[in-house]
Amino acid sequence: MRRTFTCIQAKRWIQLFLRIKSDGHQKKFVTPYFHVMVYHVPDAIRQYGNIKQFSCQGVEKHNDDSKRNYFSSNRWDAPAEIMLAEHRLELLQQYAREKRHYTKHAAAYWHEGGMQETRSQMRETLKY
């Protein structure tokens, strides 16, 4: 019964998509993903409870990182550079960044109006 409900719901969504009067919502834009959503996703939901494990989010993130590394490389041997960068990141994952200790030396400056004085001095300087 659950599969039928999900399948009907998905078909209704596609019909709604096709009723929208816009250039981007024509029948020629119905992709194989629509078929998967109507005929295969309901089975996967019934079998696995959800479809999160079939998400390609991790693959897409890896692709984005690889592209960023490629375009920031010297491109002489980009694949090797990308693999080395990924390896370095993998080695560094076991370390946690330590928060640096910071002590305000001129706390009065921030609390007693020193910042306001500096701003007014800057405004005066910019007038001329």
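Here's the yes/no breakdown for (1) acidic (Asp, Glu); (2) in contact (Cβ under 8 Å) with a residue 24 or more places away in the chain; (3) at positive phi:
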site: Asp23; (1), (2), (3): yes, no, no
site: Pro32; (1), (2), (3): no, no, no
site: Met37; (1), (2), (3): no, yes, no
site: Ala44; (1), (2), (3): no, no, no
site: His62; (1), (2), (3): no, no, no
site: Ser66; (1), (2), (3): no, no, no
site: Asn69; (1), (2), (3): no, no, no
site: Ser72; (1), (2), (3): no, no, no
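What's the number of the condition Lys99 fails, among (1) closer than 30 Å to Ile8 by Cβ; (2) part of a loop (DSSP other than H, G, I, E, B)?
For Lys99, the failing item is (1).
Taking region 31-75 on its own, how many of its residues are open to solvent by 90 Å² or more (accessible area, probe 1.4 Å) and of a type in the set (Asp, Glu)?
Within region 31-75, residues that are open to solvent by 90 Å² or more (accessible area, probe 1.4 Å) and of a type in the set (Asp, Glu) number 1.
Among Arg88, Arg97, Arg2, which is the only one that is exposed (fewer than 11 other Cβ atoms within 10 Å of the Cβ) and modelled with pLDDT under 80?
It is Arg2.
Can you report the number of residues in region 81-99 which are aliphatic (A, V, I, L, M) and under 14 Å from His62 (Cβ atoms)? Give the derivation first.
Of region 81-99, the ones aliphatic (A, V, I, L, M) are 82-85, 89, 91-92, 96.
Of the ones still in play, those that are also under 14 Å from His62 (Cβ atoms) are 82-83, 85, 89.
Counting residues in region 81-99 that are aliphatic (A, V, I, L, M) and under 14 Å from His62 (Cβ atoms) gives 4.
Would you confirm whether any residue within region 55-67 is basic (Lys, Arg), in a helix (DSSP H, G or I) and under 24 Å from the mean Cα position of the chain (by Cα)?
Residues of region 55-67 basic (Lys, Arg): 61, 67.
Next, from what is left, pick out any that are in a helix (DSSP H, G or I): 61, 67.
Now drop any that are not under 24 Å from the mean Cα position of the chain (by Cα), which leaves 61, 67.
Checking region 55-67: at least one residue is basic (Lys, Arg), in a helix (DSSP H, G or I) and under 24 Å from the mean Cα position of the chain (by Cα).
Could you count how many residues in region 76-85 are open to solvent by 100 Å² or more (accessible area, probe 1.4 Å) and assigned to a loop (DSSP other than H, G, I, E, B)?
Within region 76-85, residues that are open to solvent by 100 Å² or more (accessible area, probe 1.4 Å) and assigned to a loop (DSSP other than H, G, I, E, B) number 1.
The values are calculated or read from the model by the stated rules, or taken from the named source; none is laboratory data. What you see is a predicted model, and the numbers here were worked out from it, not measured in a lab. Cβ atoms come from the backbone with ideal geometry, glycine included; neighbour counts cover every protein chain shown. In case anyone asks, the SASA skips ligands and DNA or RNA and just uses the protein heavy atoms, side chains included. Shrake-Rupley method; radii C 1.70, N 1.55, O 1.52, S 1.80 Å.
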